[in-house]
1. Among the numbered criteria (1) open to solvent by less than 40 Å² (accessible area, probe 1.4 Å); (2) of a type outside the set (D, E); (3) more than 16 Å from ligand 1 (Cβ to nearest atom), which single criterion is violated by V171?
2. Based on this model, can you work out whether G76 counts as closer than 30 Å to K13 by Cβ and at pLDDT below 95?
3. Provide a single number: the residues in the range 47-72 that are charged (D, E, K, R) and within 13 Å of ligand 2 (Cβ to nearest atom).
4. Among the residues of the range 120-136, is any under 23 Å from Q214 (Cα atoms), within 16 Å of ligand 2 (Cβ to nearest atom) and either among the small types (G, A, S) or buried (at least 19 other Cβ atoms within 10 Å of the Cβ) (or both)?
5. Quick one: would you say T63 is away from ligand 1 (no atom under 16 Å from the Cβ) and of a type in the set (S, T, N, Q)?
6. Quick one: G43 ticks every box in (1) more than 13 Å from ligand 2 (Cβ to nearest atom); (2) modelled with pLDDT under 95 except a single one, so which number is it?
7. Within the range 166-185, take every residue that is under 19 Å from the mean Cα position of the chain (by Cα) and part of a helix (DSSP H, G or I) and give me the one that is farthest from F93 (Cα to Cα).
8. Are any residues in the range 191-225 open to solvent by 50 Å² or more (accessible area, probe 1.4 Å) and either acidic (D, E) or within 16 Å of ligand 2 (Cβ to nearest atom) (or both), and if so, which ones?
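The values are calculated or read from the model by the stated rules, or taken from the named source; none is laboratory data. Model, not experiment: these values are computed from the prediction. Methodologically, a virtual Cβ is constructed for each residue, glycine included, from the backbone with ideal geometry; neighbour enumeration extends over all protein chains shown. Accessible surface areas use protein heavy atoms only, side chains included; no ligands, DNA or RNA. Shrake-Rupley method; radii C 1.70, N 1.55, O 1.52, S 1.80 Å.
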Amino acid sequence: MTAPLLEVRGLAKHYPLKHGRIVRAVDGVDLALAPGESVGLVGESGCGKSTVARLVLRLIPPTAGSIRFEGRELTGLSDSALRPLRRHMQIIFQNPHAALDPRRTVFASVAEPLVVQGLAGRDLQARVARLLVQVGLPEGFLWRYPHELSGGQKQRVCIARALALEPRLLVLDEPTSALDVSVQAQILEFLQELRARLGLAYLFISHNLAVVRQVCDRVAVMYLGRIVEEGPAERIFGAPRHPYTRALVASVLPPRPAGLPEAPLAGDVPNAAAIPPGCRFAPRCPMRMDRCTREDPTLSGGTGHRVACHLHEAA
Ligand code: ADP
Ligand code: MG
């Protein structure tokens, strides 16, 4: 395998609450992305996806674990040491309405990272105009304000700004969830085309499996702060192994692969402040065995398809 662009190991983010309780938002995540690869991170709301995104970009410091970007350890770096690396990874948030300053023109928003790099005058304007064209917006939009744009157009402006410094990794946190359904499809198609054109790697976060299936080469399924299954997209959707993945796939994607459960996820929405002992999925698992409530399974398996489940451990 080529050297990873991003490699995350044992990543954790714990938030202390009152009375000694702790929210284990991210609780031991291992993940790698090759250059130009598109990896989907899926799971129910609250499982820790956005926290992983923020950790990877070092917008928040981890409680434990390692984050390497192009072989370089990011944890422990000071803000000034991080600054030159930051341009190589950018994040797109769910809500483009909140991501843009309503008082700034499109030009000002997209130009900002370039101005910080010292670009000015005609060069700056030409560069910003090119970025707009790159995201499929007319140059005339340069002088518009956010309220003059649709949701999809705003998200394209956010993408243009993220592309300004020619990153190698885009972290996309539910980038289409806040958009109208008709616009979602256009933005997804655009994101795929953009990746093919620029050779970017995507960490594509979504609770929507259908979206991830469309965009991603590889998929990591997250449950209560951990990755419980990871593999090529066609394996995750065509031959899911973890009972949680099987339930997710069964619930959203007809036609279903043979042998998937009829009634998917039973039980309460899990609580990251009260993670059960043993396998964290055990309380909701239709296949639960005795040992599942005692022993925490590790993510294992060869050929790039790994699963954390006692049912699938080598005998
Ligand atoms: P997702 O993006 O998958 O919906 P998040 O990463 O936003 O999940 O959140 C994971 C868990 O961490 C949730 O239980 C959430 O309530 C909790 N959490 C996130 N941020 C904080 C915080 N700053 N303080 C306490 N708990 C948090
Ligand atoms: Mg989120």
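1. With (1) open to solvent by less than 40 Å² (accessible area, probe 1.4 Å); (2) of a type outside the set (D, E); (3) more than 16 Å from ligand 1 (Cβ to nearest atom) applied to V171, the lone miss is (3).
2. Working: closer than 30 Å to K13 by Cβ: yes; at pLDDT below 95: yes.
Judged against the criteria, G76 is a match.
3. 2
4. Of all residues in the range 120-136, those under 23 Å from Q214 (Cα atoms) come to 134-136.
Going one step further and asking which of them are within 16 Å of ligand 2 (Cβ to nearest atom), we end up with none.
Checked against the condition, which is being under 23 Å from Q214 (Cα atoms), within 16 Å of ligand 2 (Cβ to nearest atom) and either among the small types (G, A, S) or buried (at least 19 other Cβ atoms within 10 Å of the Cβ) (or both), the range 120-136 yields no hits at all.
5. Values: away from ligand 1 (no atom under 16 Å from the Cβ): no; of a type in the set (S, T, N, Q): yes.
Here the answer is no, as T63 does not meet what is asked.
6. So the condition that G43 fails would be (1).
7. Residue satisfying both the conditions and the ranking: A185.
8. Passing the criteria: E193, H207, N208, D217.
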